Amino acid sequence: MKLRIALADDHQMFRHALRALLARDPELEVVAEAASGEEVLAVAATQPIDLVCMDIAMPGMNGIEATHKLLAAHPAIRVIGLSAFADRQFVIELLNAGARGYITKGEAGDELLRAIRTVRQGRTYLCPDVAGTVTGALRDRDELDTAVPRLTARERQVLQLIAEGYTSPRIAERLHLAPSTVEVHRRNIMRKLDLHNVAELTRYAITNGISPSAVSEVARQV
């Protein structure tokens, strides 16, 4: 089945450019367009949508508020944020609203196609500009090593692999652990951080600077 996509942006020309871009992939289909957060909610209430490319700065209801309301009503829909800015606060607020990706408009070419494929697989995607902004801000405040002090080295390793989209059996295979041991680590992580699902774990890992390089460092320590 084609992935059904809605484009939410108040600039018609930008929506048309995105539509032309996505038409290059036969597995994608733009089924709706919206110029405001209110229109996104109305569209989602009347037809099936799998993914929304959501502008952050729209008149009326902005993209962050629209994402909150959209996912409260339709939790299966996935959201990728679009913005002219790689502002760390915008990124964190959108991820906290439930979005699974964030792309700056300057990179909304092949980078957007890559983000859609990644999010379709159940993983989270940040374009390079945004990833650098988030991890750079944390590194500047010396938070990379202290963001999750309550987690053990192994738990941090498991958390990162969860954030990268690995299932418990695959994590067990990669870390040479029993699947039941991975599940114990997963439950302990969720209990310690008061998080309740993979999406929340992923957002936590991203906003707290637990990057692939952090996994390598942890791997050498355990």
Which is farthest toward the positive dipole end of the chain among 28, 49, 119, measuring Cα position about the Cα centre, with Cβ charges +1 (Lys, Arg) and -1 (Asp, Glu)? 119
What does the accessible area per residue of the stretch 1-146 come to in Å², with a 1.4 Å probe and no ligands, DNA or RNA counted? 46 Å²
Any chance you could look up the accessible area of residue 181 with a 1.4 Å probe, heavy atoms only, rounded to 10 Å²? 50 Å²
Which percent of the accessible area of the chain is formed by carbon and sulfur heavy atoms (probe 1.4 angstrom)? 52 percent
Inter-label distance, nm, simple model (7 Å from Cα along the C-beta direction), residue 200/residue 110: 3.8 nm
For residue 192, go through the aspartates and glutamates and keep the ones whose alpha-carbon is under 12 Å away, minus same-chain ones fewer than eight residues off. 155
Rounded to the nearest 10 degrees, what's the angle between the helix 128-140 long axis and the longest principal axis of the chain, both from Cα atoms, 0 to 90? 40 degrees
With a Förster radius of 22 Å, plug the Cβ-Cβ distance of residue 45 and residue 65 into 1/(1 + (r/R0)^6) and report the FRET value to the nearest 0.05. 0.85
Angle check, please: helix 110-120 long axis (alpha carbons) against the longest principal axis of the chain (alpha carbons), in degrees 0 to 90, nearest 10. 60 degrees
FRET efficiency, residue 96 to residue 11 (Cβ-Cβ, R0 25 Å, nearest 0.05): 0.50
Of (i) 52, 38, 30; (ii) 75, 46, 22; (iii) 70, 47, 44, which one was derived for Cα extents along the principal axes in Å from the structure shown? (i)
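The values are calculated or read from the model by the stated rules, or taken from the named source; none is laboratory data. Bear in mind the structure is a predicted one, so any value in this text is a computation, not a measurement. Glycine gets a Cβ as well: all are built from the backbone with ideal geometry, and neighbour counts include every protein chain shown. Surface accessibility is based on the protein's heavy atoms, side chains included, excluding ligands, DNA and RNA. Shrake-Rupley method; radii C 1.70, N 1.55, O 1.52, S 1.80 Å.
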